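First the structure, in the form of structure tokens, and then the observations on it.
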Amino acid sequence: MLAEYKMTLSPQSPETAEGSAKAVLDKALRQVGFIPNMYANMVHSPGVLNTYLDGYAAFRNDSGFTPAEQEVVFLAISRENGCEYCVGAHSLIADKFSGVPVEVTDAIRDGRPLPDARLQALAEFTRVMVASRGLPRRTEVDAFLSAGYTERQILEIVLAIAVKTLSNYSNHLFHTELDEKFAERRWADPR
């Protein structure tokens, strides 16, 4: 999903950025080893990219979710928000680095039920949190907790939603081109 309006700001790089934008791009380069197209755009507001990087690292390091569960959360949020860039990028990360079975990744991408009941509960609760703007019904919380997750992990999903909202909305506005390294898992929002 792309915004009707397309931002006209040119992507930044560590070589072209100055001041706080350069500092946050240098930080990003240390964290991930390259500057994704998304970061090159988001850095026009150094606070947006810095908040994204810090929140993303906190979710990855302290959420209590496994790497596979983390990808399920990121994919569910990004699909619900219609972010073609993030669904494509996280699909490849899920497949190659986080140990998510391709059937699970494909089910999320296609909006189908997941073949794993616990991951399905996680994906569905994450989707509900996005769609309801953080107002899940008691039965939806009970289903999430009954799948073996915790109340603390509800807050971790809130963190993931905050992080992905920064990237998803930025990508909508910039019409961010998917990096070549993620291209094999390109995704188009069917809605």
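The values are calculated or read from the model by the stated rules, or taken from the named source; none is laboratory data. All values reported here derive from a predicted model rather than from experimental measurement. Heads up, the Cβs are rebuilt from the backbone with ideal geometry, glycines too, and the neighbour counts pull from every protein chain shown. Surface accessibility is based on the protein's heavy atoms, side chains included, excluding ligands, DNA and RNA. Shrake-Rupley method; radii C 1.70, N 1.55, O 1.52, S 1.80 Å.
Here's the yes/no breakdown for (1) among the acidic types (Asp, Glu); (2) touching an Asp or Glu at 6+ places or on another chain (Cβ under 6 Å); (3) over 30 Å from GLU4 (Cβ atoms):
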| site | (1), (2), (3) |
| --- | --- |
| SER91 | no, no, no |
| SER98 | no, yes, yes |
| GLU103 | yes, no, yes |
| ARG109 | no, no, no |
| VAL128 | no, yes, no |
| ARG133 | no, no, no |
Taking the condition of being open to solvent by 50 Å² or more (accessible area, probe 1.4 Å), β-branched (Val, Ile, Thr) and in a helix (DSSP H, G or I), how many residues in the stretch 43-79 meet it? 1
When you check SER20 against the structure, is it surrounded by fewer than 17 Cβ atoms within 10 Å (Cβ to Cβ) and either modelled with pLDDT under 95 or in contact with a helix residue (DSSP H, G or I) (Cβ under 6 Å, 6 or more places away or on another chain) (or both), yes or no? yes
Can we say GLU156 is part of a loop (DSSP other than H, G, I, E, B) and of a type in the set (Asp, Glu)? no
Cβ pairs under 8 Å, 6+ apart or interchain, first in the stretch 1-16 and touching a residue at least 60 places away in the same chain (Cβ under 8 Å), second assigned to a loop (DSSP other than H, G, I, E, B) and open to solvent by 80 Å² or more (accessible area, probe 1.4 Å), ordered by first then second residue, are MET1/ARG191
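Conditions (1) open to solvent by 20 Å² or more (accessible area, probe 1.4 Å); (2) in contact (Cβ under 8 Å) with a residue 24 or more places away in the chain; (3) under 15 Å from CYS83 (Cα atoms), marked per residue:
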| site | (1), (2), (3) |
| --- | --- |
| GLU103 | yes, no, no |
| ALA107 | no, no, no |
| ARG112 | yes, no, no |
| VAL141 | yes, no, no |
| GLU156 | yes, yes, no |
| SER167 | no, yes, yes |
| LEU173 | yes, yes, yes |
| ALA183 | yes, yes, yes |
Of the conditions (1) open to solvent by 60 Å² or more (accessible area, probe 1.4 Å); (2) in contact with a Cys (Cβ under 8 Å, 6 or more places away or on another chain), ARG137 clears all except one; give me its number. (2)
Which residues, taken from the stretch 24-33, are of a type outside the set (Val, Ile, Thr) and touching a residue at least 12 places away in the same chain (Cβ under 8 Å)? LEU25, ASP26, LYS27, ALA28, LEU29, GLN31
Please tell me if GLU151 is without any contact (Cβ under 8 Å) to a residue 40 or more places away in the chain and surrounded by fewer than 21 Cβ atoms within 10 Å (Cβ to Cβ). yes
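Answer with yes or no whether ALA40 is buried (at least 23 other Cβ atoms within 10 Å of the Cβ) and in contact with a Lys or Arg (Cβ under 6 Å, 6 or more places away or on another chain). First the steps, then the outcome.
Details: buried (at least 23 other Cβ atoms within 10 Å of the Cβ): yes; in contact with a Lys or Arg (Cβ under 6 Å, 6 or more places away or on another chain): no.
No; evaluated as a whole, the condition is false for this residue.
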Flagged in the stretch 58-83 as among the small types (Gly, Ala, Ser) and farther than 18 Å from ARG152 by Cβ, in numbering order, are ALA68, ALA76, SER78, GLY82
